[in-house]
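Student: Take this structure first; my questions come after.
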Amino acid sequence: MAQQLGDGWNAATTYDDFMGRWSRPLAEDFIRWIDPPPEGHWLDVGTGTGALAAAICSVGRPASVVGCDQSESFVAAARKGLRDPRVRFQVAGVGDLPSRHGGYDTVVSALALNFFPEPAEAVQEQASLVRSGGAVGAMVWDYAEGMEFLRHFWDAAVSVEPSAAELDEGRRFPICKPEALASLFGAAGLRRIRTGSVVVPTVFSSFEDYWRPLLGATGPAPSLVATLSDQQRRSLEAVLREKLGGRGGPIELAAKAWVILG
């Protein structure tokens, strides 16, 4: 039986294999969508392995970036992967976010907001850290429909183990929709709220390229796979292989995320 489990966010290497390769191009599109003025001071909340911080540096023309995450492994990987004098990484999380004298120009989170224990409180804390006229932004996956490789996974997982429906991110995270995000930001006192979406292709070279990251026990889907019996794991692999990899060759999917700024 699938068991209730944590989301397993401590292994930076397996996270990059599972999600990081898609979050990097997505992060750049997110910063372009924000279209920030240059020379701003940024706080990146839930920086992970530094994909969003790197995008801010390459696209956002910042004066400074502070990237924080509760995972020491992720922060270590971010420090190793992004050596830019404008960037500083530190271990910190929601409830203890680093402040800046005069406030930040922009506080952002990418693919993290729905994993915070109290998203409403997280947005309120982030809003309290921006200067007057500053902005708070977030990006979350469209788990219900548009994040195709996960949608295929959860549909297959439920067919093998019905209790997996309780762990399906499309069901777990109702805030991952534009209307819910706008309501959350409005309740935090943010104004001039705008929402949108960004989409990136997720092309897997083979079924093995799709399946291997799901064995890394990092993130909700791989964490579920780790709890399955050997027989359930083989059944899940067979269902997904028939659906996605039966003809061989690349698997061409797309991943959509919702974005918001206030």
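Student: Given a 1.4 angstrom probe, what's the average accessible area per residue across segment 20-102, in square angstrom?
Tutor: Value returned for segment 20-102: 45 Å² of accessible area per residue.
Student: Could you work out the relative contact order of the chain, using alpha carbon pairs under 8 angstrom and six or more residues apart, expressed as a whole percent?
Tutor: 23
Student: In addition: With the full set of protein chains in place, find how many percent of the accessible area of the chain is carbon and sulfur; take the probe as 1.4 Å.
Tutor: Using a 1.4 Å probe with all protein chains present, the chain comes out at 49 percent carbon and sulfur.
Student: Separate question: Quickly rank 213-219, 34-40 as a protection proxy: mean count of other C-beta atoms within 10 Å, highest first.
Tutor: By packing density, highest mean first, the sequence is 213-219, 34-40.
Student: Once the Cα atoms of helix 178-187 and of the chain are each reduced to a long axis, what angle between those two axes, in degrees from 0 to 90 to the nearest 10, is obtained?
Tutor: Compared with the principal axis, the helix lies near 40 degrees.
Student: Relative contact order for segment 89-168: what is it in percent, counting Cα pairs under 8 Å that are at least 6 residues apart?
Tutor: 28
Student: Tally the DSSP beta bridges in the chain and give the antiparallel ones as a percent, rounded to 5.
Tutor: Of all bridge pairs located within the chain, approximately 45 percent are antiparallel.
Student: Which shape class applies to the chain: rounded if a/c is under 1.5, otherwise prolate when a/b exceeds b/c and oblate if not, where a ≥ b ≥ c are the square roots of the Cα gyration tensor eigenvalues?
Tutor: In terms of gyration-tensor shape, prolate.
Student: Taking only protein heavy atoms and a 1.4 Å probe, what accessible area per residue, in Å², does segment 143-203 have with all protein chains in place?
Tutor: Accessible area per residue: 48 Å².
Student: May I ask you to derive the relative contact order of segment 51-144, considering only C-alpha pairs under 8 Å and at least 6 residues apart, and to give it as an integer percent?
Tutor: 24
Student: In a shell of Cβ-Cβ distance under 12 Å around LEU52, excluding LEU52 itself, what net charge do Lys and Arg (+1) and Asp and Glu (-1) give?
Tutor: Surrounding charge for LEU52 is -3.
Student: Let me make sure I get this right: for segment 152-202, a, b and c are the square roots of the gyration tensor eigenvalues over alpha carbons, sorted descending. Under 1.5 in a/c it's rounded, otherwise prolate if a/b > b/c, else oblate. Which is it?
Tutor: oblate
Student: Sorted by mean Cβ packing within 10 Å, highest first, what order do the peptides 117-123, 62-68 take?
Tutor: 62-68, 117-123
Student: Rounding to the nearest 10 and keeping the result within 0 to 90°, find how far the Cα-based axis of helix 119-128 lies from the longest principal axis of the chain.
Tutor: 20
Student: Once phi is turned into θ = phi - 60°, what whole-Hz ³J(HN,Hα) does the Karplus curve with 6.51, -1.76 and 1.60 give for every residue of segment 230-237, x standing for Gly and Pro?
Tutor: Once θ is set to phi - 60°, the couplings for segment 230-237 become 4, 5, 4, 5, 5, 5, 4, 4 Hz.
Student: Non-local amide H neighbours of THR47 (under 5 Å, H modeled in plane, Pro and chain starts lacking H): which ones?
Tutor: Residues meeting the amide H criterion: CYS68, ASP69.
Student: Still on this structure, I have one more. Pull up all non-local amide H partners of PHE89: gap of 5 or more, or a different chain, and H-to-H distance under 5 Å with H placed in the peptide plane.
Tutor: GLY67
Student: Probe radius 1.4 Å, ligands and nucleic acids left out: which of ARG191, ARG172, ARG24 has the largest accessible area, and how do the rest follow?
Tutor: ARG191, ARG24, ARG172
Student: Grab the DSSP H runs of the chain that are 4 residues or longer, score each as -39,500 (n - 2.57), total them, divide by all residues and round the 222 nm result to the nearest 500 deg cm²/dmol.
Tutor: -10500 deg cm²/dmol
Student: Placing +1 on the Cβ of each Lys and Arg and -1 on the Cβ of each Asp and Glu in the chain, which of ALA157, VAL140, LEU236 has its Cα farthest towards the positive end of the resulting dipole?
Tutor: VAL140
Student: Per-residue HN-Hα couplings for segment 164-175, Karplus 6.51 cos²θ - 1.76 cosθ + 1.60 at θ = phi - 60°, whole Hz, x for Gly and Pro?
Tutor: After applying 6.51 cos²θ - 1.76 cosθ + 1.60, I find 5, 4, 5, 9, 4, 5, x, 8, 5, 10, x, 6 Hz.
Student: While we're on this one: Kindly write out, for segment 135-151 in residue order, the coupling ³J(HN,Hα) from the Karplus curve 6.51 cos²θ - 1.76 cosθ + 1.60 (θ = phi - 60°), rounded to whole Hz, with x marking Gly and Pro.
Tutor: Each residue's phi maps through the Karplus curve to give 9, 10, x, 8, 9, 9, 5, 7, 4, 5, 9, x, 8, 5, 5, 7, 4 Hz.
Student: So which residue, out of ASP69, ASP142, ASP84, gets the largest mean-square fluctuation from a GNM of the chain using Cα contacts under 10 Å as springs?
Tutor: Of ASP69, ASP142, ASP84, the Gaussian network model singles out ASP84 as fluctuating most.
Student: Need one number: nm distance between label points at ARG61 and ARG171, each 7 Å from Cα along Cα→Cβ, rounded to one decimal.
Tutor: Label at ARG61, label at ARG171, 4.8 nm between them.
Student: Against the longest alpha carbon principal axis of the chain, how many degrees, from 0 to 90 and to the nearest 10, is the axis of helix 21-34 turned?
Tutor: Tilt relative to the chain: about 40 degrees.
The values are calculated or read from the model by the stated rules, or taken from the named source; none is laboratory data. Bear in mind that the values here come from a model prediction, so they are computed numbers and not experimental data. Neighbour counts run over all protein chains shown; Cβ positions are idealised from the backbone, glycine included. With ligands, DNA and RNA removed, areas are computed over all heavy atoms of the protein, side chains included. Shrake-Rupley method; radii C 1.70, N 1.55, O 1.52, S 1.80 Å.
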